[in-house]
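J.: A single structure is presented below for examination.
Every number in this text was worked out from the coordinates using simple rules, so none of it is lab data. From a predicted model like this one, the values you see are computed outputs, not experimental measurements. Neighbour counts are summed over all protein chains in view; Cβ atoms, including those assigned to glycine, are modelled from backbone coordinates with ideal geometry.
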Amino acid sequence: MVAQKKAKKTADNINARLALVMKSGKYVLGYRQTLKTLRGGKAKLVIIANNTPPLR
C-alpha cells in the first residue's frame, strides 16, 4: 500500500517536472539532436521511450 502511494507520487512529480520543461521550451526531440546535445555537454537528462530501437 505504501509502495503504491510512493510510486504514484513519484510519477506525479515526474509528470509535473516534464510539463515545466515542455513549457520552458528547453528540450530537444530526436536521435541526432540528443546526441549533439550530449556531446556538447548541455544535456542534464535523457528520457528514452520503451519503443526505441535497440541498435542504431
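J.: If I go through the range 13-36 residue by residue, how many of them are assigned to a loop (DSSP other than H, G, I, E, B) and surrounded by 10 or more Cβ atoms within 10 Å (Cβ to Cβ)?
T.: Adding up the residues that qualify gives 3.
J.: Taking the residues in the range 37-56 that are in a loop (DSSP other than H, G, I, E, B) and charged (D, E, K, R) as candidates, determine which candidate is surrounded by the fewest Cβ atoms within 10 Å (Cβ to Cβ).
T.: If we take residues in the range 37-56 being in a loop (DSSP other than H, G, I, E, B) and charged (D, E, K, R), then ARG56 is surrounded by the fewest Cβ atoms within 10 Å (Cβ to Cβ).
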